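The values are calculated or read from the model by the stated rules, or taken from the named source; none is laboratory data. Small disclaimer: the values here were computed from a predicted structure and weren't measured. When we count neighbours, we look across all protein chains shown, and the Cβ atoms used for this are built from the backbone with ideal geometry, even at glycine.
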Amino acid sequence: MKKLLVLNRFGRLDRQLEHQLKALATKEESLIFKSPGSGEWSPIQVLQHLLLSERGSLNYLKKKTSGGLQAIPPATFLTSLRLLLFRAFLALPIKVKAPKAISEESFPEVGSLDEVADEYHKVRQDFREFLTNLPEEAFTLEIFRHPRAGKITLMGLMVFFDLHFKRHEKQIRRALG
């Protein structure tokens, strides 16, 4: 049951991504690659950040589950509380520095929106396959360690992806003017 809920939430994330990619496809490519100001990311860089975040999360999950699920603790009330507090934090208009692995220092050179979109679609497909192949039990565990939220479940990770994406959608809109 929890697996189905996570997969449904993941489907919503896919629709969110497609909506953003379609919106960006209507813009001149020069605008997508233009930084709105010193030290600020261009819309394409924001997409790269989101992509790297999701790819890194998937890689973490693959490594975490490679030895089986036996050593992963079950989710508790504290797991839910941590996520609730983290959701409240993300709602605040506080700028948070991205971890080095998913910041502009790690952005690969790209030539087009299509290039980033294709890579994002590959990561999403890999993530969907990974989630689909996990046993139901995995969806009740503290399976992911977020750098700021701590240990969360797969549903907690989907909630984070949703909030993270929405937060950066605003940043893209501001960058496009």
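Modelled with pLDDT of 95 or more and in a loop (DSSP other than H, G, I, E, B) - does that describe any residue in segment 119-140? So that I can check it myself, show each step before the final result.
Let us first name the residues in segment 119-140 that are modelled with pLDDT of 95 or more, namely 119-140.
Now restrict to residues that are in a loop (DSSP other than H, G, I, E, B): 134-135.
Yes; the residues of segment 119-140 include at least one that is modelled with pLDDT of 95 or more and in a loop (DSSP other than H, G, I, E, B).
In segment 101-141, which residues are charged (D, E, K, R) and surrounded by 19 or more Cβ atoms within 10 Å (Cβ to Cβ)?
Kept after step one, since they are charged (D, E, K, R), are these residues of segment 101-141: 104-105, 109, 114-115, 118-119, 122, 124, 126, 128-129, 136-137.
Matches in segment 101-141: R124 only.
All but one of (1) in a loop (DSSP other than H, G, I, E, B); (2) closer than 24 Å to E119 by Cα; (3) under 21 Å from the mean Cα position of the chain (by Cα) hold for V96; state the number of the condition that does not hold.
V96 satisfies every listed condition except (2).
On the basis of being under 19 Å from L90 (Cβ atoms) and charged (D, E, K, R), does K170 make the cut? Spell out how you get there, then give the answer.
Values: under 19 Å from L90 (Cβ atoms): yes; charged (D, E, K, R): yes.
So K170 passes the test.
What are the pairs, 6+ residues apart or on separate chains, where a residue within segment 104-117 that is more than 18 Å from G56 (Cα to Cα) has its Cβ under 7 Å from a residue that is small (G, A, S)?
From residues that are more than 18 Å from G56 (Cα to Cα), the pairs are L113/A25.
Only helices (runs of 4 or more DSSP H) wholly contained in segment 1-71 count here; list those with 3 or more residues that are surrounded by 17 or more Cβ atoms within 10 Å (Cβ to Cβ).
Numbers: elements: 2-25, 29-32, 43-65.
Where helices (runs of 4 or more DSSP H) fall fully within segment 1-71 and carry at least 3 residues being surrounded by 17 or more Cβ atoms within 10 Å (Cβ to Cβ), they are 2-25, 43-65.
When the residues of segment 142-169 are narrowed to those that are under 20 Å from S66 (Cα atoms) and among the charged types (D, E, K, R), which ends up surrounded by the fewest Cβ atoms within 10 Å (Cβ to Cβ)? Full working, then the answer.
Going through segment 142-169, the residues under 20 Å from S66 (Cα atoms) turn out to be 142-146, 151-155, 157.
Those left that are additionally among the charged types (D, E, K, R): 142, 145, 151.
Values: E142: 19, R145: 11, K151: 19.
So, considering only residues that are under 20 Å from S66 (Cα atoms) and among the charged types (D, E, K, R), the one surrounded by the fewest Cβ atoms within 10 Å (Cβ to Cβ) is R145.
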